[in-house]
Structures are given as structure tokens and as C-alpha cells.
Amino acid sequence: MVIVAGHVVVDPEQREEYLAGCAAVVEQARGRAGCLDFAVSADLLDPGRVNIWERWESQAAVEAFRGSGPGGEQRAAMLAASVAEYDVAAVRSLTG
């Protein structure tokens, strides 16, 4: 399993527009083979932060979806980014 997690920073006044632009990407990802979860969401405390969370069955599934990364408009709106991939060796359920 692969987890992609982190955040991007955008102008707080443009965050809602940025998130609206991500809706199609979230929908596409969730429909792809190997996608277990995919979310892009507003941070509850920082008005310029957008949290990224993805969970994939494999690295191959991530790479098949990823392509070239964010589109030009999304990339231009990012003031900073900190996103990383994590290879998961084991999973323990916390909900039973």
C-alpha cells in the first residue's frame, strides 16, 4: 500500500476556488483502479492550507494515475508544497 500525504499552501482568498478546481481530480482518482481513498480538503486552522490525502493499493496504481502532476492553474496557485509518498508494510485497524 502507498500513502501520499501532505499539504499545499495557497492564497487564503483563493483557497475555495483552488478546492473547487480539485473536485474533478478527486472524482477521477476515486474512479481509478487501485485507489483506496483520495481527498483534498481545507485545513480547519490555517486559511491558506490545503490538505492532501491519498491511499493506493500499489506504487503502480499511483504512477498510472499521477501522470504529470497538478495542472498549470493549480501549480501556479501553489505558494508552497510539502507532499510525500509512504510505502506501508502493515496496517492495523483502529475501528475494529
Boolean, Arg15 is part of a helix (DSSP H, G or I) and among the charged types (D, E, K, R): yes
Single unsatisfied condition, Ala61 versus (1) in contact with a Gly (Cβ under 6 Å, 6 or more places away or on another chain); (2) part of a strand (DSSP E or B); (3) surrounded by 12 or more Cβ atoms within 10 Å (Cβ to Cβ): (2)
Qualifying positions in region 64-87 - modelled with pLDDT under 90, outside any loop (DSSP other than H, G, I, E, B) and exposed (fewer than 13 other Cβ atoms within 10 Å of the Cβ): Gly72, Glu73, Arg75, Ala76
Exclusive hit being in a helix (DSSP H, G or I), of a type in the set (Gly, Ala, Ser) and at pLDDT below 95, set Ala24, Ala90: Ala24
Count - residues of region 64-91 that are out of contact with any Gly (no Cβ under 9 Å at 6 or more places or on another chain) and either basic (Lys, Arg) or at positive phi (or both): 3
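The values are calculated or read from the model by the stated rules, or taken from the named source; none is laboratory data. Since we're looking at a predicted model, the values are computed, not measured. With ideal geometry, Cβ positions are generated from the backbone for all residues, glycine too; neighbour counts draw on all protein chains shown.
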